[in-house]
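To start, the structure under review is shown below, and the notes come after it.
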Amino acid sequence: MGQHPDHRRPTERFYLRQFLRKTASTYCEFPLITHTQQTLWVGQNVQLLQRDQEVIGFQAVVRDISIRKQTEEALRVSQERYRALFESSPEMLLTVDARGTLLTVNTTTAAELGYEADELIGQPVARIVHPDDHGSMDKHFADSLRRPGEVLRWNFRKMRKDGSLLWVREAARAVGNYRLPGTTLYVTLEPCVMCLGARMQARVGSLVFGTGDPKAGALGGAADLTRVLVFNHYMEVIGGVLADQAAALLTAFFRERRREPSDRGEVPKRP
């Protein structure tokens, strides 16, 4: 069994960086090639053994994560298929949050209204509705929120960017879920057990973090709770994205926090 040739160099650089920086504990995922030429994904925790600040060895724990990787790939394909259907639909499709803010608009919606999609995302939906229809839109919107899961329909006028009108018959359904399924959360630091638990309870779909936390991280840093099979929610996790930049950002932030008030030209307060 050996490392996949496409991942050998990145993995070697990862562990070389750990040894040079004397990082106490790391977690890395990479594929291996079995003797039958099958791909086997593993997750590996490596903890350095040090004496007098010198590395004298290491301990490694390797787990088979092939099933999880297959699930992640199936999820990725499913999400890409949904996005492709959403974007290529000849119908005007959009999503709005409970405050009436546009979250997504497809290509057809943007083209029909004369906008680029980025011009609409984050804007109030009232921006594309005729002012005389704002009252009825608010009423229908409130009805949808009170009746989650039902498909409600109504007619009203949308406003194009050039000011012209477009009569539409719109169908809407409130998801009615206080959780966050299908969302992707981006964080600078690998979450701890408490933070991970909150994200699991919120049913966050995907989590992307920057730098790992070998002291308290719950996704491979100090522990790996994604391997605990009692959870009733699966969350896709991608770690190490811009890890060096994220670590530098955190280091600079806490260095500033630790500065004495006198360093900023202030007189320290005494108890």
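Using the 1.4 Å probe convention, the accessible area of segment 139-178 works out to 72 Å² per residue with neighbouring protein chains retained. With a Förster radius of 41 Å applied to the C-beta separation of D64 and T101, the computed FRET efficiency comes to 0.45. Summing +1 for each Lys or Arg and -1 for each Asp or Glu among the other residues whose beta-carbon sits under 13 angstrom from that of F58 gives +1.
Relative to the Cα centre, the charge distribution of the chain, modelled as +1 at Lys and Arg Cβ and -1 at Asp and Glu Cβ, gives a dipole magnitude of about 660 debye. Residue-wise HN-Hα couplings along segment 114-123, as the Karplus relation 6.51 cos²θ - 1.76 cosθ + 1.60 with θ = phi - 60° gives them from phi, are x, 10, 7, 4, 5, 6, 9, 4, x, 8 Hz; Gly and Pro carry x. With a simple spin-label model that places each label point 7 Å from the Cα along the Cα-to-Cβ direction, the separation between F30 and A252 comes to 3.0 nm. Qualifying trypsin sites (Lys or Arg not before Pro) in segment 1-46, where qualification requires a DSSP coil assignment and no more than 11 other C-beta atoms within 10 Å, comprise K22. Within straight-line reach of K161, meaning a Cα separation under 14 Å, sit the following aspartates and glutamates at least 8 residues removed in sequence or on another chain: E112, E116, D118, E119. Do any GluC sites (Glu not before Pro) in segment 63-136 lie in a loop, going by DSSP, with at most 14 other beta-carbon atoms within 10 Å of their beta carbon, and if so which? Passing both the DSSP loop test and the Cβ count: E91, E116. Straight-distance candidates among the lysines for linking to K22, with alpha-carbon spacing under 28 Å and chain neighbours fewer than 8 residues away dropped: K215.
The HN-Hα couplings worked out from phi for segment 162-174 by the Karplus form 6.51 cos²θ - 1.76 cosθ + 1.60 (θ = phi - 60°) are 7, x, 6, 9, 9, 6, 9, 10, 10, 10, 9, 9, 7 Hz, whole numbers, x standing for Gly and Pro. Within the accessible surface of the chain, defined with a 1.4 Å probe on protein heavy atoms only, the carbon and sulfur portion equals 55 percent.
Relative protection proxy for 246-252, 186-192, from highest mean packing down: 186-192, 246-252 (other beta-carbon atoms within 10 angstrom). Taking all protein chains into account, the per residue accessible area for segment 1-108 stands at 68 Å² (1.4 Å probe).
Ligands, DNA and RNA excluded, the heavy atoms of V61 present near 80 Å² of accessible surface to a 1.4 Å solvent probe.
Amide H contacts for L207 (H built 1.01 Å from N in the peptide plane; partners 5 or more residues away or on another chain; cut-off under 5 Å): L185, E236, V237, I238. Ordering M159, L32, Q79 by Cα displacement along the dipole of the chain toward the positive end leaves L32 in first place; charges were set at the Cβ atoms of Lys, Arg (+1) and Asp, Glu (-1).
The values are calculated or read from the model by the stated rules, or taken from the named source; none is laboratory data. Remember, predicted model here, so these are calculated numbers, not experimental data. Please note: Cβ atoms are built from the backbone with ideal geometry, for glycine as well, and neighbour counts cover all protein chains shown. Accessible surface is based on the protein model in full, side chains and every heavy atom, while ligands, DNA and RNA are left aside. Shrake-Rupley method; radii C 1.70, N 1.55, O 1.52, S 1.80 Å.
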